[in-house]
Structures are given as structure tokens and as C-alpha cells.
Amino acid sequence: MAFYSGEGSSGVVVMLADYGSFQRHCASSPVASPLHPLIERISHFVTLSNQERDIVASLTKTRRIARATETLFHEGSRPSGVYMIVSGAGFRYRYLPNGRRQILGYLLPGDLCDTQFVILRKCDHNVGLLCESEVAIISPSALMSAMVQFPRIERALLMMAVVEAAMLREWLLNVGQRDARQKLAHFFCETSSRLNALSDHRDDQRFDISMTQLDLADTVGLTVVHVNRVLQQFRRDGLIKWSRRHFNILDPVRLEQIAGFDPAYLQIGNVRAEPTLCAYG
């Protein structure tokens, strides 16, 4: 799935493809940020000193390239570190005993797979990758030490967890109460908002995330046939146009109206001015 950000009339381009083609494509043009991705995320919530920026950078020095479709950790396992997406994209998911899958969220550059492992040290879900990605492995003890010694870092990580919880509530509402058109419209609105937040300092930046219609179905709780039917309807309504695997969101405003989308829960923008947790300075 490829998103092109910007204010131009071309809208937002979305591309769905099979895993194989995107393994090749993501290797050459991954989801990426020119800044340190975790510093960029944290800077949405607090203003870091040079020392604090160095501390955050040092936390993520240990990195590796992970292959497409790799599972970073499995439900019930005990990871030795906290993973962060440096480039590429991942997703959280769980399986039912009958093999049915529910995708619980997507991980973009700067996202921590789960800070809960600092305390619980046991996974309650799986985390996989959509394309070849670079991941950082953060030492839980080093992360805990940074949070204790540098309250602004702790505050930022808390705010990131607050946003994740808000997204989960929105996904529950999406799966449980919205109709099929609203579900897919909301997913596209949310994902494009998150990607645009990564690139709000750049123009015409392209993002690529491998995703199939099966992934979409497992995200919004529909069958693949139903997802395909809704995408066809979006095309007929002039909301989304596609050729082969390329999708172009032609009318983001109408799509937001269909979804009832309000991005406030994503806390995108200058939330540093908010007086919450003012004891942290």
C-alpha cells in the first residue's frame, strides 16, 4: 500500500499488492523518516534537550534488518528486548483456535512494538512485518533507566501509550459498530493521517506498505469478498480510483465524512503546548 502525502489535487495514492512483489519494492523504497524515528515521535509530545536526544539515540543503537513476513515475536513468548520500527512496517495480530486472524494495529517508523514488556515480559499477541524492515532492539533495563532519570522521556512514552490506547478504542468501535463502507473509509483516513504525520516536514513523500485485501479484511472484520465489493463501490462513487494494484483516494473529504473521521484521538500536531503532566516541565 503506497501513500503519497501532500496538498496537491492528486489526493492520496494507495497500492495493494501481493507479498512477493512488495518484498522487492519495500527493499528499494521503505517507509522511512530522515530524522531518528523515535526522536521524531517523542518530539511531538515534549521538547528534548541535546542530552535527552543522545539518550534516545543510544537506546536504539542495536539494529538489524528483518525480512518481510517475519514474526518478531509470538504470543506467549518472552522477548529479550523492546522492538522499534526504524523503517518498514509491522502489525499486531492474534489467531483464534479455528485459524481466523484479527489484525490489531499497524506499526510505522518510530513505533515501539510494546513497552509493556519492560514490566510484564510476556507477549499477549504476535507482531509481524509487512515488508523488509529495519528494527531496533532496546534493552528493557536501559529503557526503564532512561524513563526514571529523564522525566520528559517518560512523559513522551506515556503519551505514545495513551495514543495507542485511543487507537485501540477507535478500532473496537470500527469493528463493532460501523458498517462496511465506514470501516474501510475510517481505516484509510486513519492510516493516511498517521503517514502524513511522519512526513509533515516533506513534500511529495512516498510511503510503501505491503498489504493484501486479505490483510484489509482481517483488519476491519470483513470477508475478502466484502472488502473487494466495497472497494469497487468506492471506485464507482469517485472516492477511490485504481489500476491494477494502484489506488488513488480522489476525495479525502468525502471519505472522512463517510467514516465520521475525527483525527483528534491521534494527537497529531503540537500537543506539547498542552498543560498535562506539567510537573515534568
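Some notes on this structure:
- Scan region 120-146 for residues that are touching a residue at least 24 places away in the same chain (Cβ under 8 Å) and in a helix (DSSP H, G or I) and the total you get is 5.
- Y95 being closer than 26 Å to E190 by Cα and more than 15 Å from the chain's Cα centre (by Cα): yes
- Selection within region 161-185: residues that are under 19 Å from L104 (Cβ atoms) and touching an Asp or Glu at 6+ places or on another chain (Cβ under 8 Å). The member of this set that is surrounded by the fewest Cβ atoms within 10 Å (Cβ to Cβ) is E170.
- Looking across region 86-109, the residues that are assigned to a loop (DSSP other than H, G, I, E, B) and either surrounded by fewer than 22 Cβ atoms within 10 Å (Cβ to Cβ) or of a type outside the set (G, A, S) (or both) come down to L96, P97, N98, G99, R100, L108, P109.
- Residue list for region 245-281, restricted to those being among the small types (G, A, S), assigned to a loop (DSSP other than H, G, I, E, B) and modelled with pLDDT of 90 or more: G260
- Pick from region 113-134, criterion hydrophobic (A, V, I, L, M, F, W, C) and closer than 11 Å to G81 by Cα, ranking: modelled with the highest pLDDT: C113
- Qualifying residue in region 67-81 (condition: aliphatic (A, V, I, L, M), more than 26 Å from L184 (Cβ to Cβ) and at pLDDT below 95): yes
- Residues satisfying the stated conditions in region 59-69, i.e. farther than 11 Å from L38 by Cα and part of a helix (DSSP H, G or I): none
The values are calculated or read from the model by the stated rules, or taken from the named source; none is laboratory data. Just so it is clear, the structure is predicted and the values come from calculations on it, not from any experiment. Positions of Cβ are generated from backbone atoms using ideal geometry, with glycine treated the same way; all protein chains shown enter the neighbour counts.
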